[in-house]
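Student: This is the structure I want to talk about, given as structure tokens.
Derivation of every value follows stated rules applied to the coordinates shown; laboratory data play no part. Everything quoted here is computed from the prediction, not taken from an experiment. All Cβ positions, glycine included, derive from the backbone under ideal geometry; neighbour counts span all protein chains shown.
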Amino acid sequence: MKYFEARPYPPGQHGRKTSRRNIGDFGVRLLEKQKLRWYYDVSERQLRRYWDLAVRSPGRSGEELLTLLETRLDSLVLRAGLAPSIYAARQYVNHGHITVDDRKVDIPSYLVKPGQSVAVRDRSVRMQPFVAAAEGATARQAGRS
């Protein structure tokens, strides 16, 4: 994420002063959790809910948490290349430009199940961001050949 590349120090008034003392185990875990929250743009409550679901499911909890976060509709729109950022992906979903199984879904936290199809609505296909995304996808396909 660009924020972390531009500013490799924590946010806030005292962010640059962290090199004076070591960060403890709690601080390291807190920073990693905050990075996860900022990267996927989820609230503390949403992340807690996903963690509880991940702990209850079989398998490794950390991997299950990432799987849940990656199956969110806004995350899938971003990964499909339809949006330049997670914030834009959330906006596209909120504004009703995305369908799941040919039904409009305007909830960014919607968990997409395997086998469901995610697409751009027919009336939104001709909008500039989606035309640019389609052109970028065809250029990437041509580059691979």
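Student: What is the sum of charges around Val93, taking Lys and Arg as +1, Asp and Glu as -1, for the other residues whose C-beta is under 12 Å from the C-beta of Val93?
Tutor: So the surrounding residues net to +1.
Student: For helix 61-70, report the angle its Cα long axis makes with the longest principal axis of the Cα atoms of the chain; keep it between 0 and 90° and round to the nearest 10°.
Tutor: Tilt of helix 61-70: around 40 degrees.
Student: Let me ask you something else. How big is segment 73-145 by the Kirkwood estimate over distinct Cα pairs, in Å?
Tutor: 12.4
Student: Rounding to the nearest 20 debye, state how big the charge dipole of segment 73-145 is about its Cα centre with +1 on each Lys and Arg Cβ and -1 on each Asp and Glu Cβ.
Tutor: Using only the charged Cβ atoms, the result is roughly 80 debye.
Student: Could you give the size of the charge dipole of segment 5-145 about its Cα centre, using +1 on the Cβ of each K and R and -1 on the Cβ of each D and E, expressed in debye and rounded to the nearest 20?
Tutor: It comes to approximately 500 debye.
Student: Which of (i) 55, 37, 33; (ii) 49, 41, 31; (iii) 44, 37, 27 is the computed Cα extents along the principal axes in Å for the structure on display?
Tutor: Entry (i).
Student: With label points built 7 Å along Cα→Cβ from the Cα atoms of Arg45 and Leu30, find their separation and express it in nm.
Tutor: Taking the two extended label points, one gets 2.2 nm.
Student: Hey, rough spin-label estimate for Ser85 and Ser117, points 7 angstrom out along Cα→Cβ, what's it come to in nanometres?
Tutor: 3.2
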